[in-house]
Structure formats: C-alpha cells, structure tokens
Amino acid sequence: MRICLVTPEPGHPLLAAARVCLEAAGHRVESLDPAAPGAAADGLADVYLLKARTPRALELARELERRGAPVLNSAAATALCQDRTRMAELALRAGLPFAATRTYGSLADWAAGAPFQGPPLVVKSRHSRRADLVARVDDAERLRELARAWPQEPVVVQEFAPNSGWDHKLWAIGDRVFAALRRSELAPQGRGPARPLALAELPTGWADLVRRAGEVFSLDVYGVDLIDTGDGTPLIVDVNAFPGVRGQTGAPEALAALALDRAAAAR
C-alpha cells in the first residue's frame with residue numbers, strides 16, 4: 001500500500017519509526033509537505049496521516065478528502081481541536097468531565113471589564129497553536145501584565161482546579177491507549193520530561209474516558225490531557241489531534257497498523 005505522511009517534519013520520532021515498520025512490511029511510505037506548491041498534484045495514496053495543523057495543511061486535507069482519500073485525522077476533527085471554545089462546547093454537551101470555559105474576544109477587553117476577583121483562573125489562547133498563551137492568573141496585576149503582552153489575543157478562561165501539579169498525558173492510536181505523567185506547564189518547576197505510566201496505574205475508568213473522547217471528537221490519533229482533582233476524579237483540560245506520542249513502546253507499531261486498517265477499509 002501507499003501511505004503518505006502530511007507533515008513538514010517527516011523525521012518526527014513517531015512518524016519515522018512507523019515508517020520503518022511499514023517499509024519493513026513492503027509498503028511504500030512518502031512524505032508530503034503541505035506548504036509545497038502543488039502538494040496534492042500526484043495520484044492519491046491509500047491513506048494520509050495528517051501530522052500538521054497549519055491552515056495550508058487543513059486546506060490540503062480537505063482537498064484530499066473531496067477527492068475520496070482517507071485522512072487521519074480528518075480535517076474537520078483536526079480544526080475543531082484547534083478552537084478551545086468549540087472543544088469545550090462539544091465536550092460538555094457530550095457529558096465529558098471538561099473544565100467549564102468562558103470566551104472573550106480579546107484579553108485586553110476582558111481585563112478592562114469587571115475587576116478581577118478570585119478564585120485563580122487559567123487563561124489560554126482560544127486558538128491552539130505553538131507558543132500560544134497558557135497562564136495562571138491569581139490577581140489583577142497578573143491579569144494586567146498578560147493583557148499588556150497579549151492585548152488582542154482571543155482567549156478562553158477556566159477556573160483553576162486544585163491538583164497535584166502533574167498532568168496525565170494520555171494518547172490513543174485507534175483503540176490503543178498510552179500514558180505518561182508530566183509536570184503541568186502552570187507548575188512553578190516548569191514542565192520537564194514526560195514519565196511513562198503503565199495503564200494499570202491509572203485511576204479506574206480513565207482509559208475508557210480517553211476512548212470516549214475520541215468518539216466524541218471523531219479522532220483516530222489524539223491526546224487527552226487530564227488532571228486528578230482528588231480521589232481519581234478526572235478533569236479534561238485539553239484534547240489534541242495527532243500529538244507526538246514520544247517514548248511510548250508500541251506506539252509506532254500501533255500507528256502503522258491503524259494506517260493499514262484504514263487504507264484497507266477504504267478500498
């Protein structure tokens with residue numbers, strides 16, 4: 001089969017390792033930079049893995065879908081996960097334990113409104129992207145500081161949920177779930193490296209919750225960031241389309257198998 005990686009970084013560890021698996025089994029693997037002129041000019045591959053989220057990548061994915069190609073994840077599902085307002089609306093409507101979310105057209109407008117009063121809040125860029133805004137706000141001075149730095153940024157605001165300071169990073173590739181612990185980016189110590197976590201160490205029901213999130217968001221390869229708010233009670237704080245899934249034993253093999261399954265189903 002012919003499998004195409006839609007990414008400007010084909011050397012990404014997950015993609016590179018999956019490529020080795022696929023080529024060892026006799027399949028043809030190509031990479032496609034969505035920024036390249038005429039990126040979709042050639043004949044269609046059997047399946048495309050969309051490991052890019054730029055506007056051009058989404059446009060390319062939509063074009064491939066219109067031509068009948070299977071794309072993982074779909075352009076629509078990938079775009080939805082970039083809009084934290086739509087993400088929260090869908091998750092809450094589906095009954096997922098997602099943080100209650102308010103949206104403001106700009107950080108400066110919100111900061112200029114009603115005076116800040118506790119409890120602590122988490123402020124994030126509405127549109128998820130590299131180097132976006134994610135910050136904790138404990139007082140009016142911190143809010144004013146962020147408003148000066150990001151005045152026109154559309155933001156979502158959530159109440160800060162007390163937790164251990166560790167994020168549970170859960171990833172799914174098809175039905176396979178992988179897990180790790182990583183310091184929250186809001187923790188004073190900074191994020192640091194992820195620590196692999198066996199599924200047996202997760203609170204009861206968390207792996208099934210991740211799979212349920214995948215169904216709700218129509219995702220094939222995705223990540224769900226969870227925090228434990230006490231006694232194993234989960235709170236979803238983010239859902240990501242096609243994350244890196246680095247350092248997880250079996251992840252490249254799972255991705256290779258998923259690509260082949262979807263390609264076969266589309267024939």
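The values are calculated or read from the model by the stated rules, or taken from the named source; none is laboratory data. Quick caveat, the model's predicted, so the values are computed rather than measured. Using ideal geometry, Cβ is built from the backbone for each residue, glycine included, and neighbour counts are taken over all protein chains shown. Side chains are part of the model used for accessible areas, which takes the heavy atoms of the whole protein and leaves out ligands, DNA and RNA. Shrake-Rupley method; radii C 1.70, N 1.55, O 1.52, S 1.80 Å.
Tell me which residues, restricted to region 176-224, are of a type in the set (Asp, Glu), at pLDDT 95 or above and under 17 Å from the mean Cα position of the chain (by Cα). Before the answer, list the steps.
So the first thing to find is which residues in region 176-224 are of a type in the set (Asp, Glu), and the list is 185, 201, 208, 215, 220.
From what's left, at pLDDT 95 or above: 208, 215, 220.
Scanning region 176-224 gives GLU215, ASP220.
Return yes or no: is THR103 closer than 29 Å to PRO8 by Cα and either in contact with a Cys (Cβ under 9 Å, 6 or more places away or on another chain) or not in a loop (DSSP other than H, G, I, E, B) (or both)? For THR103, the condition - closer than 29 Å to PRO8 by Cα and either in contact with a Cys (Cβ under 9 Å, 6 or more places away or on another chain) or not in a loop (DSSP other than H, G, I, E, B) (or both) - is not met.
Among (1) among the aliphatic types (A, V, I, L, M); (2) assigned to a strand (DSSP E or B); (3) without any contact (Cβ under 8 Å) to a residue 40 or more places away in the chain, where does LEU49 come up short? The number of the failed condition is (3). Among the residues making up region 199-213, those that are in contact with a strand residue (DSSP E or B) (Cβ under 9 Å, 6 or more places away or on another chain) and either under 16 Å from LEU49 (Cβ atoms) or outside any helix (DSSP H, G or I) (or both) are LEU202, PRO203, GLY205.
Can you name every residue in region 37-59 that is open to solvent by 30 Å² or more (accessible area, probe 1.4 Å) and under 24 Å from the mean Cα position of the chain (by Cα)? Spell out how you get there, then give the answer.
Let us first name the residues in region 37-59 that are open to solvent by 30 Å² or more (accessible area, probe 1.4 Å), namely 37-38, 41-44, 46, 51, 53-56, 59.
LYS51, ARG53, THR54, PRO55, ARG56, GLU59, listed by residue number.
When region 1-36 is limited to residues that are part of a strand (DSSP E or B) and crowded, with 21+ Cβ neighbours inside 10 Å, the one that is modelled with the lowest pLDDT turns out to be LEU32.
Of the residues contained in region 233-242, one or more are found to be under 26 Å from GLU23 (Cβ atoms) and touching a strand residue (DSSP E or B) at 6+ places or on another chain (Cβ under 9 Å). Which members of region 65-100 meet the condition of being over 27 Å from LEU32 (Cβ atoms) and part of a loop (DSSP other than H, G, I, E, B)? The answer is ALA94, GLY95, LEU96, PRO97, ALA99, ALA100.
Yes/no per residue for (1) charged (D, E, K, R); (2) open to solvent by less than 30 Å² (accessible area, probe 1.4 Å); (3) closer than 17 Å to LEU49 by Cα; (4) under 16 Å from the mean Cα position of the chain (by Cα):
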{"site": "PRO162", "(1), (2), (3), (4)": "no, no, no, no"}
{"site": "LEU235", "(1), (2), (3), (4)": "no, no, no, yes"}
{"site": "ALA254", "(1), (2), (3), (4)": "no, yes, yes, no"}
{"site": "LEU260", "(1), (2), (3), (4)": "no, no, yes, no"}
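Of everything in region 214-227, what is open to solvent by less than 30 Å² (accessible area, probe 1.4 Å) and in a helix (DSSP H, G or I)? Give them in sequence order. Within region 214-227, GLY214, VAL216, PHE217 meet the criteria.
Close contacts from region 239-251, counting a first residue that is on the phi > 0 side of the Ramachandran plot and a second that is surrounded by fewer than 21 Cβ atoms within 10 Å (Cβ to Cβ) and aliphatic (A, V, I, L, M), with Cβ to Cβ under 9 Å and a gap of 6+ residues or different chains, come to GLY247/ALA180; GLY247/ALA194.
With the condition kept exactly as written, say whether any residue in region 106-123 is assigned to a loop (DSSP other than H, G, I, E, B) and crowded, with 19+ Cβ neighbours inside 10 Å. Talk me through it step by step, then tell me what you get.
Filtering region 106-123 for residues assigned to a loop (DSSP other than H, G, I, E, B) gives 106, 112-120.
Filter again for crowded, with 19+ Cβ neighbours inside 10 Å, leaving none.
No, the conditions are met nowhere in region 106-123.
Here the condition is being under 30 Å from LEU143 (Cβ atoms), in a loop (DSSP other than H, G, I, E, B) and either open to solvent by 30 Å² or more (accessible area, probe 1.4 Å) or not aliphatic (A, V, I, L, M) (or both); of GLY247, GLY230, it holds for GLY230 alone. May I ask you to verify whether GLU145 is without any contact (Cβ under 8 Å) to a residue 12 or more places away in the chain, more than 19 Å from the chain's Cα centre (by Cα), open to solvent by 20 Å² or more (accessible area, probe 1.4 Å) and farther than 13 Å from ILE227 by Cα? Criteria met by GLU145.
Got a sec? Which of PRO193, PRO151, PRO203 is over 28 Å from ALA75 (Cβ atoms) and open to solvent by 80 Å² or more (accessible area, probe 1.4 Å)?
Working: PRO151 fails: open to solvent by 80 Å² or more (accessible area, probe 1.4 Å); PRO203 fails: open to solvent by 80 Å² or more (accessible area, probe 1.4 Å).
From the options PRO193, PRO151, PRO203, the qualifying one is PRO193.
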